Amino acid sequence: MTDSEMLAALTHSIKDHFSIQSNYGSEEVPHKQPFIIGLAGGTASGKATVCNMIISQLHDQRVVLVSQESFYHSLTDEQLEKISEYNFDHPDAFNTELLLLCMERLKHGHAVSIPNYDVKSHKCIEPDRKVNPSDVIILEGILVLQDQHVRDLMNMKIFVDTDSDVRLARRIQRDTVERGRNIENVLDQYTKFVKPSFEEFILPSKKHADVIIPRGADNDVAIDLIVQHIRTKLGQHDLCKIYPNVFVIYSTFQIRGMHTLIRDVRTTKHDFVFYADRLIRLVVEHGLGHLPFTEKQIITPTGSVYSGVVFCRRLCGVSIIRSGESMENALRACCKGIKIGKILIHGEGDNGRQLIYEKLPADISSRQVLLLDPVLASGSNAIKGISLLLSKGVPESNIIFLNLIAAPEGIHAVCKKFPKLKIVTSEIDVSLNKDLRVIPGMGEFGDRYFGTDNSDTIVNPDDT
């Protein structure tokens, strides 16, 4: 398959994919987003060695390595006759469009066929290399941080920074031993193309890196820290990778067990309230941890100095009636004497959400606001409530939205409209169904919590 045929096929496939995803209520099973790493650096800087070290330490994860070299344009016979005049270190030497399409498909859970470029013949040869989607994808190459569209695909950007003399010595050894070139040609190419391209294209891309590794593969500490960071990110929900303002409290068997109880249709009202309150308290405590603070030193009863912190005191809660009222007691238990405002929003069908009632502290614009609603579904109520707070002068960055469960659709809606606020939740569910109910969800939270769903006759299986 030629480059142009592959490009057309991939374009068609990606369009089909996004067409499916855009259909509301699609039954397509969501895939787990991979963690994509871009790793750049000058020629012979040790990029491949660093990649191998990262892969070896992530032995319990599915990791795939994609090299930018695979996307070199095949040279024509005319170009081959003037090979000494061809600049392999220029951005135009690569088929970046094809690289982008392949990476997009991998990102969305599809296997791809990557060209098999031969560095000796300077042509793509058969067969192509098949690459399957993985937990971690490392894209390695001299210019992978140079193009903004390629960078936008990455969760982490690394630049391997190695001394130029060391790189030149390594390149001479590699090209003479592995590729059968003579030293004179290697030095001529380095002076004419490699060094100028490094200074014009590769070195400036260093500013886009999240992590710079001095000394390359010799820097064990930097590589260990990178691997630890990757492991942390792999443990996060995909939406936390997309939106840095979304926080899910760390899941333990205790938390999972409480979710099991409050989601169970057979759980009695008494047990539902008890375990919901426990979860709400954990969410509130976690949310308070995101408040601004100042450092403070105090003297302990032993006469010792303790360096601690003091959190912001100008707080208030705002509950979205009526489910949000279930979270007020936990907030009062954590913040003595806190002011709590109320918002009532109603809406059905296609008429949109209407603000029915609001009662907020007069000085709310100068406070940090904890917005309370146990379930974030489509996000319509949340957006209406947040918009009201903004109209009262509350800075967007001063709002922390607390809930027990959140649907991806609601997170997308709120975070895209209000990227500066924080969302703290205990679990992100799968999706919404056609009735805009969270799946798997926990039913109508307010009815179950306040006992208006006539469920008291339900017997707890643990009591039988």
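Quick test for you: out of ARG129, ARG105, pick the one residue that is of a type in the set (Lys, Arg), outside any strand (DSSP E or B) and either outside the structural domain of PHE71 (by TED's automatic domain parsing) or at pLDDT below 95 (or both).
Working: ARG129 fails: outside any strand (DSSP E or B).
On inspection, the qualifying residue turns out to be ARG105.
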Take the residues in segment 181-217 that are surrounded by fewer than 19 Cβ atoms within 10 Å (Cβ to Cβ) and within 25 Å of the chain's Cα centre (by Cα), then tell me which one is nearest to SER121 (Cα to Cα).
LYS206
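Suppose the filter is of a type outside the set (Ser, Thr, Tyr), at pLDDT 95 or above and under 30 Å from PRO395 (Cα atoms); does LEU279 pass it?
Details: of a type outside the set (Ser, Thr, Tyr): yes; at pLDDT 95 or above: yes; under 30 Å from PRO395 (Cα atoms): yes.
Judged against the criteria, LEU279 is a match.
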Entirely in segment 141-206, the helices (runs of 4 or more DSSP H) that have 1 or more residues that are at pLDDT 90 or above and within 15 Å of GLN68 (Cα to Cα)
148-151
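Does segment 108-126 hold any residues that are assigned to a strand (DSSP E or B) and either farther than 26 Å from LEU80 by Cβ or small (Gly, Ala, Ser) (or both), and which are they?
Residues of segment 108-126 that are assigned to a strand (DSSP E or B), as a first pass: 112-118, 123-126.
Once the filter is applied, which keeps residues that are assigned to a strand (DSSP E or B) and either farther than 26 Å from LEU80 by Cβ or small (Gly, Ala, Ser) (or both), segment 108-126 yields VAL112, SER113.
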Search segment 364-388 for residues being touching a residue at least 40 places away in the same chain (Cβ under 8 Å), out of contact with any Leu (no Cβ under 7 Å at 6 or more places or on another chain) and not hydrophobic (A, V, I, L, M, F, W, C), and hand back the single one that is nearest to GLY441 (Cα to Cα).
ASP373
Here are some conditions: (1) over 27 Å from GLN33 (Cα atoms); (2) not in a helix (DSSP H, G or I). GLN79 meets all but one. Which one does it not meet?
(2)
Does any residue in segment 51-73 that is in the same structural domain as VAL119 (by TED's automatic domain parsing) and surrounded by fewer than 19 Cβ atoms within 10 Å (Cβ to Cβ) come within less than 7 Å, Cβ to Cβ, of a residue that is of a type in the set (Ser, Thr, Tyr) and not in a helix (DSSP H, G or I) six or more places away or on a different chain, and which pairs are these?
ARG62/SER134; VAL64/SER134; GLU69/TYR117
Which of (1) more than 30 Å from LEU234 (Cα to Cα); (2) out of contact with any Pro (no Cβ under 7 Å at 6 or more places or on another chain) is the odd one out, the single condition HIS59 does not satisfy?
(1)
For segment 298-333, which positions are part of a loop (DSSP other than H, G, I, E, B), surrounded by 10 or more Cβ atoms within 10 Å (Cβ to Cβ) and modelled with pLDDT of 95 or more?
none
So TYR243 fits all but one of (1) free of Cβ contacts under 8 Å to residues at least 60 places away in the same chain; (2) surrounded by 12 or more Cβ atoms within 10 Å (Cβ to Cβ); (3) of a type in the set (Phe, Trp, Tyr); what number is the exception?
(1)
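The values are calculated or read from the model by the stated rules, or taken from the named source; none is laboratory data. It should be emphasised that the depicted structure is a prediction, and the values quoted were computed from it without experimental measurement. Here the Cβ is made from the backbone with ideal geometry for all residues, glycine too, and neighbour counts use every protein chain on show.
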